[in-house]
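Comments concern the structure below.
Rule-based calculations on the coordinates, nothing more; no lab input. A quick note: this is a predicted structure, and the numbers were derived from the prediction, not measured. As a convention, Cβ positions derive from the backbone with ideal geometry for all residues, glycine included, and neighbour counts pool all protein chains shown.
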Amino acid sequence: MPARYLTTNPCEDACGTVETDRRVEDAPVYRCPGCDSEWIELGERTPPASRPTTAPRPAAERTADAPRRPAGPSGD
Ligand SMILES: [Zn+2]
């Protein structure tokens, strides 16, 4: 599982994993007791799809240009 490191220290795989009380992006922060690296598992974040994304758009996207008529002869 991909992880994002918050604190990166030389880790030689001899370290372990402890779960901290902290959370980043709603994912639990893990810490390595050997080298004090800290990271989160990207798969444990809250997916952004759970947030409401239906924000009302400002109605400023109207086309201000009205279709112009060709200027014809306006009389004799
Ligand atoms: Zn380590």
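Within the stretch 14-31, the set of residues being outside any strand (DSSP E or B) and touching a Ser or Thr at 6+ places or on another chain (Cβ under 9 Å) comprises Cys15, Glu25, Asp26. Once the stretch 4-35 is narrowed to residues that are over 16 Å from Thr46 (Cα atoms) and among the β-branched types (Val, Ile, Thr), the residue that is farthest from the ligand (Cβ to nearest atom) is Thr20.
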